[in-house]
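These notes concern the structure reproduced below.
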Amino acid sequence: MENIVLNNKLECPVVGIGTFMLSPVDAEVSVREALKMGYRLVDTANAYVNERAVGRGIKESGVDRKDVFLSTKLWPSEYENDNAVERDSCFLLQLLK
């Protein structure tokens, strides 16, 4: 799959799977199968209420975590919280270890 180079020099796949409006069960299965098919970009958000399932799908896919570009989003009220990423994504990230 094709990548683009971001301003911070990271490479990001141009095509990925989004998990908006997916139930946790559907998110887990969809992410797992998309990664098995070759997708490497996964988008989620705390507001989607499926981050844990996304983490399970990534883990179950068998794809090495370093090969997955994962994007997530925070609530605007969390922008000034220095620990927001670690706290709000801890469940997702724990599943990926």
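Assorted remarks:
- Output for the stretch 25-56, where each listed residue is crowded, with 16+ Cβ neighbours inside 10 Å and modelled with pLDDT under 95: T44, A45, N46, Y48, N50, E51, R52, A53, V54, G55, R56
- Figure legend. Inter-residue proximity from the stretch 64-84: first residues under 30 Å from M1 (Cα atoms), second residues part of a loop (DSSP other than H, G, I, E, B) and open to solvent by 50 Å² or more (accessible area, probe 1.4 Å), beta-carbon distance below 8 Å, spacing 6+ or different chains. Indicated pairs: D67/R40; V68/R40; F69/L10; F69/R40.
- Among the residues of the stretch 47-82, the ones that are among the β-branched types (V, I, T) and more than 24 Å from V14 (Cβ to Cβ) come to 1 in all.
- Residue in the stretch 79-96 that is surrounded by fewer than 16 Cβ atoms within 10 Å (Cβ to Cβ) and either at pLDDT 95 or above or in contact with an Asp or Glu (Cβ under 7 Å, 6 or more places away or on another chain) (or both) present: yes
- Taking every residue in the stretch 14-35 that is free of Cβ contacts under 8 Å to residues at least 12 places away in the same chain and on the phi > 0 side of the Ramachandran plot and pairing it with any residue that is surrounded by fewer than 17 Cβ atoms within 10 Å (Cβ to Cβ) and in a helix (DSSP H, G or I), at least 6 positions away or on another chain, yields no pair with a Cβ-Cβ distance below 7 Å.
The values are calculated or read from the model by the stated rules, or taken from the named source; none is laboratory data. Note that the structure is predicted; figures quoted are calculated from it, not measured. Note that each Cβ is placed from the backbone with ideal geometry, even for glycine, and that neighbours are counted across all protein chains shown. Just the protein is used for accessible areas: all its heavy atoms, side chains included, with ligands, DNA and RNA removed. Shrake-Rupley method; radii C 1.70, N 1.55, O 1.52, S 1.80 Å.
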